[in-house]
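A short worksheet on the structure shown next.
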Amino acid sequence: MKRYYIVFLLFTTSCLVELTSSFSASSAAKPSPSLSLAKDTIQLHPDTANDVLYNLLSAKDDSTIILQGLVTKRRAIGKSLVFLDIIPMNIPDKSYDKGKKSKKNTRYDEIETITPVQAILKRDCWSKLIDENTNTTSSTYNIYHKIIQPGVHVQLLGEAGSSRNAQEAILFLNSGSITLVNDNPQHVRNILRYAAADNTKGDETLDIDEVVNALPWITKEELESLIGRDDSTTKSFYDIGVDILNRAPRNYLYNPSKLMGSTNSQKVKLLPPSPPEYIEVPSSTNAVDESQDVTTISNVLRQLNQMSDDDQYTQFTITGWVQNRRRYQGAISILELVDEFSSLAASSNDEGDNDIEGFKLKDLWKDRIYAVLHPDALDSNNNTDTTTSCIELSERYGNILCSGARVLLQGCMSSSSTTKGAPTFWVTSCTLLRSSWRLNTVRYVLDLLHEGKLDVEEASSALELQYSQGENISMGTTSATERQWLAAELTQSLQGDNSRIGKITDEMKNSLKTFAYARESYPTEQISNKPEIAVSTGPLRTNIEGSRWERAKKPQLQLMIEQIANVLRSHPEYGQRVLKVIDIGGGRGLLSNFLAEIFGDSMVTVKVIDISKSATNNGRMRARRQGIKNIKFEARDATTLPFDDVDVVVALHACGVLSDVALGHATCQGAGFVICPCCFKSNPHLRVSIPAEESSITELVTSEEWLGVDPSDYKHLKHLAELQGDIDIASKAMHTICGLRALAVSRRSAANLDISILKFPVGFSTRNLCLVGKFNKDNR
């Protein structure tokens, strides 16, 4: 197909479009086989991409736009909306030197100088395909929602659309393709899984030619063989992904973590350059009179409407909520301030037609101002910490004042000073009134308080702490682990209706009512913060104090071991013979190696089942190094396991239906269990083993059949369990699902079990419950 590109020449009064006959080899990648390009498409280029988008929007031009580039940022809001930052650029040259490994990869530095294009992947905008055989429509949205990740090169089609910011345009996507994968095996696994899917069974599939195009170092024949199209391999897609990435040229693919930044210093380095209008602070910005009355955003806007354009900058003291925040290089942050905050509005970028509890999103955006947090504008006289520079102060509050924070600002503004359709407010001093509920932000505020970099009264009030508790933290006596645990508790107390991301429908509310009996049958019990089996050395490794291992993973393993020990000791034949334990989805065997070593080969044997061969190989080698002989690892699908008198089934963080699979096996075997579920929407394709009514052969059923629930009601319940920003509702839904699972076991298990639902301490895990089935004393 003949290809075209358009070069834009932007003039002061008009935009001239010149069409040339073909893309040059140096400026455009080969279109993916699965992506059909319109004849007259408009190509976006690095230097002019955002200007071109805005000009098309202003001219109400609905031309098809093609953007090829590198995805650098991704923010998913539920299952129907994804925000993307895309750097317009070509894929790396395929002649890249495979043997060369540069000591310093400058590609990441180069992309920092290019302003990204903001794009929206939205279910309602994504094109639907017509199946000529069935005359039905289908959409590939679900596929691209998962595989368009940071580090991936893409070729996308869409149209210019407006955001709520008057002078900003966004690319609304309607179709696209992957042109080069990133170097994450999980990402490649998902792509391979879609490529190997069978569309004749109604599965969502990805065009094999597109996948080959995104893996330029292997052929189509090799790929088809690897993913099992010729039934020549039984490897998991994850292991195949690892093998494929090992064959890629060195430094050829982008690393997602390097693009997103894993630490705050890395994230600061990756910030985009500041827009020109924010670089210089107006000379008329002066220190603000602290005796001014505090006013709201709407009051400020009313006063500005009564001012003439000739008025000088006017001083204000404003209180408001941070609806959105954008950070730039040079310690500059732009805060979108509103009187009423909603996480749903902060997460949406449509034209404001969605309802939030009876009113429109656009009503939340009508009255707002843009506050510029700039080190040159901050009043050093208001800085109580004389050792802190204004740059450090600006960076500090730029971190704290994220979406969902409430703030008191002093500064200057005039009616003639506008940014993106809203007045611009230059901040001279700021005070945090209420922290955002987000865990990382709460932890950062606590760390600042611990280091003496934030006023005790300000931090205590913002986190809703008692002053004495805040004062104790400021004395530097708390550990990093203790502050992380406290942050996990505070983030829950700071959540409410306005922090909820996503809407709760009447059907969802009804699902909680429908299954209320499950919660009543099995109320939750809190696990003690101090496990009886607390191993600080020996089987469990140690790590840096405050690390994720020390503050979360290690305590979770200790608590799980305590519960497993209770179940083992309740077994009628405990101590009389070696009991058999199976770990479903045990991966590298962190839990099982610990369990096997603690109890020894005279008490238990443990088998770890996981679909990932690389994970089980890793666990097997770890067990050998530690000299643990009473453990085995097997890489296979856990759905149809051949069991042999299993006594206890365990699973830590068993995603979605995998928890049901583990419970089903325990039911069939009359075994005890300790199951910690997570990710309630995951693995819907898995089937659960249940005892057959009239034979010894087990049956495989869906999770809904296993639980005895209506699929539509259960779908709403799972949605609530994954709800973000409203832990009360999410916890209620998680409790309900675990209650339904406990009831399913009690109906079908031949064993006399005492079933309970336990809660992890919030500091160790904010969203996990634990299903425990101990043998009743009557069995002994």
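The values are calculated or read from the model by the stated rules, or taken from the named source; none is laboratory data. This one's a predicted model, so the numbers in the text were calculated from it and none came from an experiment. Cβ placement follows ideal geometry from the backbone for every residue including glycine, while neighbour counts extend to all protein chains displayed. Accessible surface areas use protein heavy atoms only, side chains included; no ligands, DNA or RNA. Shrake-Rupley method; radii C 1.70, N 1.55, O 1.52, S 1.80 Å.
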Notebook entry, point to check: Can you name every residue in segment 208-232 that is at pLDDT below 90 and of a type in the set (S, T, N, Q)?
Noted result: Ser225, Ser232
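Arg588 - would you say it is under 31 Å from the mean Cα position of the chain (by Cα), under 30 Å from Thr640 (Cβ atoms), among the charged types (D, E, K, R) and modelled with pLDDT of 70 or more?
yes
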Notebook entry, point to check: So which of Thr481, Thr431 is hydroxyl-bearing (Ser, Thr, Tyr) and either touching a residue at least 40 places away in the same chain (Cβ under 8 Å) or out of contact with any helix residue (DSSP H, G or I) (no Cβ under 7 Å at 6 or more places or on another chain) (or both)?
Noted result: Thr481
Item checked: Residues located in segment 575-585, provided they are in contact (Cβ under 8 Å) with a residue 24 or more places away in the chain and not β-branched (Val, Ile, Thr) -> Gly575, Leu579, Lys580, Asp583, Gly585
Item checked: All strands (runs of 3 or more DSSP E) inside segment 560-660 with 3 or more residues being within 22 Å of Val688 (Cβ to Cβ) and open to solvent by 20 Å² or more (accessible area, probe 1.4 Å) -> 648-655
Next item on the list: Would you check which residues across segment 55-68 are closer than 27 Å to Ile91 by Cβ and crowded, with 19+ Cβ neighbours inside 10 Å and list them?
Entry: Leu56, Ile65, Ile66, Leu67, Gln68
Notebook entry, point to check: In segment 661-687, what residues are more than 32 Å from the chain's Cα centre (by Cα), part of a loop (DSSP other than H, G, I, E, B) and surrounded by 19 or more Cβ atoms within 10 Å (Cβ to Cβ)?
Noted result: Ala671
Next item on the list: Search segment 725-780 for residues being aromatic (Phe, Trp, Tyr) and under 15 Å from Gln526 (Cβ atoms), and hand back the single one that is modelled with the highest pLDDT.
Entry: Phe760
Next item on the list: Check Leu557, Leu579, Leu568 and return the single one that is among the hydrophobic types (A, V, I, L, M, F, W, C) and within 18 Å of Phe760 (Cβ to Cβ).
Entry: Leu557
Next item on the list: Go through segment 335-446 and tell me which helices (runs of 4 or more DSSP H), entirely inside it, have 2 or more residues that are surrounded by 22 or more Cβ atoms within 10 Å (Cβ to Cβ) and modelled with pLDDT under 90.
Entry: 343-346
Notebook entry, point to check: In this structure, does Ser138 turn out to be modelled with pLDDT of 85 or more and among the polar types (S, T, N, Q)?
Noted result: no
Item checked: Options Ser493, Ser521; residue that is open to solvent by 50 Å² or more (accessible area, probe 1.4 Å), free of Cβ contacts under 8 Å to residues at least 60 places away in the same chain and of a type outside the set (Phe, Trp, Tyr) -> Ser493
Next item on the list: Considering only segment 237-257, state which residues are touching a residue at least 24 places away in the same chain (Cβ under 8 Å) and of a type in the set (D, E, K, R).
Entry: Asp239, Arg247, Arg250
Check: Based on what the data block shows, is Gln469 assigned to a helix (DSSP H, G or I) and under 26 Å from Met560 (Cβ atoms)?
Finding: no
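Can you tell me which of Val82, Val71, Val52 is among the β-branched types (Val, Ile, Thr), assigned to a helix (DSSP H, G or I) and either open to solvent by 50 Å² or more (accessible area, probe 1.4 Å) or modelled with pLDDT of 50 or more (or both)?
Sole residue among the options that is among the β-branched types (Val, Ile, Thr), assigned to a helix (DSSP H, G or I) and either open to solvent by 50 Å² or more (accessible area, probe 1.4 Å) or modelled with pLDDT of 50 or more (or both): Val52.
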Checklist line | Every residue from segment 753-780 that is among the hydrophobic types (A, V, I, L, M, F, W, C) and assigned to a loop (DSSP other than H, G, I, E, B) | finding: Phe760, Val762, Phe764
Check: Taking segment 688-699, which residues are in a strand (DSSP E or B), modelled with pLDDT under 85 and open to solvent by less than 80 Å² (accessible area, probe 1.4 Å)?
Finding: Pro691, Thr698
Check: What is the number of the single condition among (1) at pLDDT below 85; (2) more than 28 Å from Val322 (Cβ to Cβ) that Gly502 does not meet?
Finding: (2)
Margin query: Out of the residues in segment 711-740 meeting the condition of being more than 17 Å from Tyr517 (Cα to Cα) and among the charged types (D, E, K, R), tell me which one is least open to solvent (accessible area, probe 1.4 Å).
Written below: Asp726
Note to self: If a residue must be open to solvent by less than 10 Å² (accessible area, probe 1.4 Å), of a type in the set (Val, Ile, Thr) and within 20 Å of Phe515 (Cβ to Cβ), how many such residues does segment 741-780 contain?
What the structure shows: 2
Next item on the list: Scan Ala733, Ala742, Ala750 and give me the residue that is out of contact with any strand residue (DSSP E or B) (no Cβ under 8 Å at 6 or more places or on another chain) and either small (Gly, Ala, Ser) or in a loop (DSSP other than H, G, I, E, B) (or both).
Entry: Ala733
Notebook entry, point to check: In the list Leu595, Leu658, Leu641, which residue meets the criterion of being in contact with a Leu (Cβ under 7 Å, 6 or more places away or on another chain) and in contact (Cβ under 8 Å) with a residue 12 or more places away in the chain?
Noted result: Leu658
